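Just so it is clear, none of the values below were taken in a lab; they were calculated from the coordinates. Model, not experiment: these values are computed from the prediction. Here the Cβ is made from the backbone with ideal geometry for all residues, glycine too, and neighbour counts use every protein chain on show.
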Amino acid sequence: MSAPGGDDDLSRDVMRHVMGLMASIKDHVAGLAAEFDLSLSQLDALKNLGESCSQRELAQCLHFDASNVTDIVDRLEARGLVVRTVDAHDRRIRRLVLTAEGEAVRRKLFERALGEAPPVTALSPTEQRELCALLEKIADPVDLPL
């Protein structure tokens, strides 16, 4: 049932803008990942490796099958960003740990992602605060590694 005053059209327009914002942010992050010679999956893995974890735990964070994470981790390990270590409590489990270089890349990447966050930087600080207040009504913020 349609709401009076064209609220359905307004809701649809809001969703179109939100989807456009999501696409713009994804493009921004994809560009940063490319600058660091990372795939989006590798970037997402770095984001989730603030603490050591097993490959299975990382797969759960990424919503991937554990076998699909092997290639991501292999590539990060080949670049010297991640090492596999033996779990102290279960030698069958390998824990993934960021190297010092991996931590530095992760920090630089997310400093850039958050500090140069188009299209948000097109808004004034007052407009950004207003947008945060509105977004708080519909979504919880995502924890980021900074």
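Count of the stretch 70-86 residues, restricted to those that are more than 19 Å from E103 (Cα to Cα) and either among the polar types (S, T, N, Q) or surrounded by 14 or more Cβ atoms within 10 Å (Cβ to Cβ) (or both), is 1. One residue stands out among those in the stretch 19-63 that are touching a residue at least 60 places away in the same chain (Cβ under 8 Å) and under 17 Å from V97 (Cα atoms): the one that is surrounded by the fewest Cβ atoms within 10 Å (Cβ to Cβ), which is G50. Within the stretch 87-131, if we keep just the residues that are free of Cβ contacts under 8 Å to residues at least 12 places away in the same chain and small (G, A, S), the residue that is surrounded by the most Cβ atoms within 10 Å (Cβ to Cβ) turns out to be A104. Among the residues of this structure, A78 counts as one that is over 20 Å from the mean Cα position of the chain (by Cα) and closer than 18 Å to F36 by Cα. Inspect all residues belonging to the stretch 134-146 and state whether any of them is within 22 Å of G20 (Cα to Cα), among the small types (G, A, S) and not in a loop (DSSP other than H, G, I, E, B). The answer is no; no qualifying residue exists.
Just one residue in the set R129, R91, R84, R95 is basic (K, R), over 19 Å from the mean Cα position of the chain (by Cα) and in a helix (DSSP H, G or I); that residue is R129.
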